[in-house]
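Following: one structure in structure tokens, then a few remarks.
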Amino acid sequence: MTPPVVAPSVQRSARDPLLVVAIVGVVLVYVRALMFTPIEAMQGPAQKILYIHASAAFIALYVGFVLMAIASILYLWLKDEKLDRVAESAAEVGLAFTTVVLVTGPLWGKTIWGAWWTWDARLTSTLFLWFIIVAYHLLRGAVDERGRRARYSAVLGILAALLVPFIHLSVYLFRTLHPMPILLKPSAPSMPSEMQVTFFSAFFAFLLLFIALLRTRYRVATLRDQLADLEQERA
Amino acid sequence: MVQAERLVRTFSGRRAVDDVSFTLHAGDCLALFGPNGAGKTTLLRLLAGLLAPGGGRALVHGVALEAGPAARAQVGLVSHASMLYGTLTARENVEFAARMHGVPDAAAAALRALAAMRVEDRADTPVRTLSRGLQQRVSIARAIVHGPRLLLCDEPYTGLDEAGAAALTATLVERREAGAALLVVTHNLAEGLEIATQAAIMRRGRFVRHEARELLDASAYQSQYRELAAVDG
Amino acid sequence: MADARVSLPVNVPPSTLGAAWLVARKDLAIEFRTRTAFLSAVVFALLGVTIFYFAWDSTAVSAVDLAPGVLWVIFTFAGLLGLQRSFGSELADRAIDGLLGAPVARESIYVGKALANLVFVVGILVVTLPAVVLFYNLPIGAGILALAGIALLAAIGLVAVGTLFSAMAVNTRMAELLLPMLSLPFFVPIVMGAAQSSARLMAGRPVAEAWPWLRILIAFDIVFVTACTLAFPFTLDE
């Protein structure tokens, strides 16, 4: 009778210190945004959603997606499983952040423009990005064999990265040729310094959160794969 | 001439082919026996260029496996599955294979191959209407139409009736005499030993026995094989 | 057996394009032997075009304005039907192993199948376009030729992406669902480019207005035909 298998190097109740710091950071930014930042004249308190919305949007697209794309290219070149796990984790955390954008966007829009959805260029592009990342996860879910799953995901990741500029181009072209109701844009350059500080703090806090979640998700993926290997050895 | 040196192939951490080496000269036939899961099919797929080795190398008539297309040109594969297109006729299937290999006068070559396997009278029948045994014959015709120098057969006698088995043995012998090397995986020791010049037993990715046929006594080999295979469970 | 030793032929494997052409011919031979998939796709397209007409208030929106949108959406879904069957015949009896064992570059398999799919999709268009002209009362003129040209560009993009994804989807558990889910986000720039440019050209607007959209379509085709051809070998189990 073989003794029960214990997965190596698991710290039972390890809490990633970075995750704690990140969450504390986000909470602090919220407090600052809600209590200590002036209310914007034209949009009212709803403008404060911007601090979450814009940060999440930026990070989801540029950090999450780009990381996923780069990890995909490197995986096809180096065939290192770790890179596949990085891509997987970046895609999943990116999906969470993108969902935040798609939820906060309409909330903000309803308050500012009176409509939940106006096919605003950036929000529409983000919607398509969301579809792409969902497709990425569906693909991963549909392939059982690890090597093939990694290869397929990497191919999709790279093609998706190539697609994003086309989506942006098409949506922006559509928007400029189809005049939409005049929007109140977030006036980034002329933000008073207090707002700017909150804005950048929010961005930094969310970036920290992204990295912390990425690391946690990566650990989960590593443990899952190690477990699968051990189970197969036993079989 | 086929030279395999320390071939390795891993799947999810497990070595399906583990340090396999052998040499086949023109006219050699290696009969490969072994229990299910021993790695025989994987070895064949490596030599056919369908899988890339994780370690080691192989040369087919001087061309390394890494050379890709140039190595694949020399190899013919007969596997469990028929590798045929059901909607197309036997002739169309074999002709397609001939053209993909660049055989001159593909149509005539296809007919010759079908005739060698005694199935030329069904040349214009859609393959999916043929019995399993006849499909197997067409599949073998497809594998030999380009005159491969290395013919890999994965349990080729499965599903063949007496006539088909006779046609196959005749074709294999003809290929050998034309200077090709053969590697035949089979569970039927008698059939395998009949055409072999070398015999090997594969277990867990390794060749646990490998010797020239003439040194073997068929009945003794059979009982030894049963012991070896039984150990695996 | 006198000729036995001489009988080993000197084979000259086809070039990559030559092999692609052989694969395409083979796929088309299989397809037109049964014609089921093609006919199903055509019937689907015709039905779709007709049903859409009744889904709008024809007094509020003129048929001519509706036509481009309908055409391209239906074209996309009918195209998907065609793409679904692309790799099915290769897996059924492991015929793909025969292709992979051939002395040709792996890319030729992709190019060949994409070519066959292109013929398939163009075939659907050949039936659907006249149907749209007929049912939606489109004015026949130079605009129709432009429409055909745009259709070809759109078909190339559709087939480039769809063939690659069908190579992957066919190996998964939910092939029929997965192919549309993977492909549709990629079809967005194609449908937008085709619909917007054809709408403008059919309304008689100057080419300069349609050009930005056409540029997106052409750029998409160039980028993705290249990318998918390069990516295809990675979808193979080696």
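Here, each number is a calculation from the coordinates, and none is a lab measurement. For clarity, every value in this text was computed on a predicted model and none was experimentally measured. Positions of Cβ are generated from backbone atoms using ideal geometry, with glycine treated the same way; all protein chains shown enter the neighbour counts.
Calculate, in nm to one decimal, what B:LEU59 and B:ALA26 gain on full extension: separation in residues at 0.36 nm each, minus their alpha carbon distance.
Numbers: separation 33, 0.36 × 33 = 11.88 nm, distance 1.32 nm.
Full-extension gain reported as 10.6 nm.
Summary of the geometry: the range A:85-153 and the range B:1-46, compared by the centres of their Cα atoms, lie 46 Å apart.
Charge tally around C:ALA208: other residues with Cβ under 13 Å, Lys/Arg +1 each, Asp/Glu -1 each, net +2. Each Lys or Arg adds one and each Asp or Glu subtracts one; over the other residues with Cβ under 9 Å from the Cβ of C:LYS113, this totals -2. Placing dummy labels 7 Å off each Cα toward the beta-carbon, the span from A:LEU227 to A:ILE39 is 4.9 nm. The aspartates and glutamates whose alpha-carbon is closer than 20 Å to the alpha-carbon of A:LYS110, local same-chain residues fewer than 8 away aside, are A:GLU40, A:ASP120. Cα centroids of the range C:54-115 and the range B:85-138: 30 Å apart. Here the ratio of the Cα radius of gyration of chain B to 2.2 N^0.38 Å is 0.99.
Tell me, Kirkwood radius of the range C:41-151 from alpha-carbon pair distances, in Å?
Details: mean 1/r = 0.0628 Å⁻¹.
Every distinct Cα pair counted, the radius reaches 15.9 Å.
At a Förster radius of 56 Å, what calculated FRET efficiency corresponds to the Cβ-Cβ distance of C:PHE135 and A:TYR62, to the nearest 0.05? E(calc), rounded to 0.05, equals 0.75.
Hey, what's the per residue convex hull volume over the C-alpha atoms of chain A, in cubic angstrom?
Details: hull volume 34.1 nm³, N = 235.
Taking the convex hull of the Cα positions in chain A, it is 145 Å³ per residue.
Ordered by the count of other Cβ atoms within 10 Å of each Cβ, fewest first, A:MET68, A:MET195 give A:MET195, A:MET68.
Going 7 Å from the Cα of A:ALA46 in the Cα-to-Cβ direction, what parts of the range A:73-106 have a backbone nitrogen less than 15 Å from that spot? Under 15 Å, as judged by backbone N against the label point of A:ALA46, lie A:103-106 of the range A:73-106. With a simple spin-label model that places each label point 7 Å from the Cα along the Cα-to-Cβ direction, the separation between B:ASP217 and C:ALA148 comes to 8.2 nm. Close amide-amide hydrogen proximity is noted between B:GLY76 and B:LEU150, B:LEU151, B:LEU152, each under 5 Å apart and 5 or more residues distant or on a separate chain (H modeled in the peptide plane; Pro and chain starts excluded). Each label point was placed 7 Å from the Cα along the Cα-to-Cβ direction; for B:MET1 and A:LYS79 their separation is 2.9 nm. Only helices enter the 222 nm calculation for chain B: every DSSP H run of n ≥ 4 contributes -39,500 (n - 2.57), and dividing by all residues gives -11000 deg cm²/dmol, rounded to 500.
Rounded to the nearest 10 degrees, the inclination of helix B:90-100 to the longest alpha-carbon principal axis of chain B is 70 degrees.
Taking a span of 20 Å or more along the helix axis (Cα atoms) and a mean Kyte-Doolittle hydropathy of at least 0.5 as the rule, the DSSP H helices of chain C that qualify are C:36-55, C:63-84, C:107-135, C:142-169, C:175-202, C:207-231.
Over chain C, what is the relative contact order in whole percent, taking alpha-carbon pairs under 8 Å and six or more residues apart? Averaging sequence separation for qualifying contacts and normalising by length gives 25 percent for chain C.
Counted over chain C with a bin width of 5 Å, the fraction of Cα pairs per bin, in whole percents, is 1, 6, 13, 17, 17, 14, 11, 8, 5, 3, 2, 1, 1, 1, 0, 0, 0. Dividing the summed helix terms, -39500 (n - 2.57) for each DSSP H run of n ≥ 4, by the number of residues in chain C produces a 222 nm estimate of -26500 deg cm²/dmol to the nearest 500. Judged by the gyration tensor of its Cα atoms, with axes a ≥ b ≥ c, the protein assembly as shown is oblate; a/c meets the 1.5 cut and b/c is at least as large as a/b. Summed over all non-identical Cα pairs, the Kirkwood treatment of the range B:163-204 gives a radius of 11.2 Å. Taking the 0 to 90 degree range and rounding to the nearest ten, how far is the long axis of helix B:106-116 tilted relative to the main principal axis of chain B, both from C-alpha atoms? The answer is roughly 60 degrees.
Based on the Cβ-Cβ distance from A:LYS110 to C:THR36, what FRET efficiency comes out when R0 is 56 Å, to the nearest 0.05? Could the numbers behind the result be given before it?
Details: r = 49 Å, r/R0 = 0.88.
Working from the Cβ atoms, E equals 0.70.
What fraction of the DSSP beta bridges in the protein assembly as shown is antiparallel, stated in percent and rounded to the nearest 5?
Numbers: 23 of 40 bridges.
Here the share of antiparallel DSSP bridges comes out near 60 percent.
Across the alpha-carbon set of the range B:53-136, the Rg to Rh ratio works out to 1.05, Rh being the Kirkwood radius.
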